[in-house]
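Just below is one structure, and these are the notes that go with it.
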Amino acid sequence: LLLCVPLIGLGQTEYVKEYYENGKLLCEGTYMNGQKTGLHKTYYNNGLIKNKGEYLNGTKVGIWRDYNNNGDLKNEVKHLFKVDPIDDECPLPILKKKIIIE
């Protein structure tokens with residue numbers, strides 16, 4: 001890695017691109033408060049996509065796709081949301097996080 005360039009800075013959100021030493025794009029994606037969020041892509045040195053998928057608060061979510069260096073789809077992995085465990089000290093179980101999926 002030679003260069004890391006934040007392209008859009010708005011408060012604590014920035015779009016970052018990283019490059020190989022030869023100047024070709026290595027990866028790109030959005031960071032919010034230092035954590036990966038939204039669509040992220042990683043590339044092979046030949047410019048083709050190596051993998052892509054979504055992050056939510058630094059955690060992979062949804063379907064992630066991995067590709068061979070010739071561009072063919074290698075596999076798909078579905079990452080599920082993680083929810084904090086139930087609070088054991090509360091007499092009634094309460095989830096610490098609420099996730100709404102539309």
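Can you spot a residue in the range 31-42 that is in a loop (DSSP other than H, G, I, E, B) and modelled with pLDDT of 95 or more? The answer is no, given that none of the residues of the range 31-42 is in a loop (DSSP other than H, G, I, E, B) and modelled with pLDDT of 95 or more.
On the given criteria, is residue 50 assigned to a strand (DSSP E or B), modelled with pLDDT of 95 or more and not small (Gly, Ala, Ser)? When the stated conditions are applied, residue 50 passes them.
A Cβ distance below 7 Å, combined with a sequence gap of six or more or placement on separate chains, defines the contacts here; from the range 51-76, residues that are more than 20 Å from residue 32 (Cβ to Cβ) reach residues that are among the hydroxyl-bearing types (Ser, Thr, Tyr) in the pairs 51/42; 51/67; 69/44; 73/67; 74/67.
The values are calculated or read from the model by the stated rules, or taken from the named source; none is laboratory data. Being a predicted model, the structure only gives us computed values, none of them experimental. Using ideal geometry, Cβ is built from the backbone for each residue, glycine included, and neighbour counts are taken over all protein chains shown.
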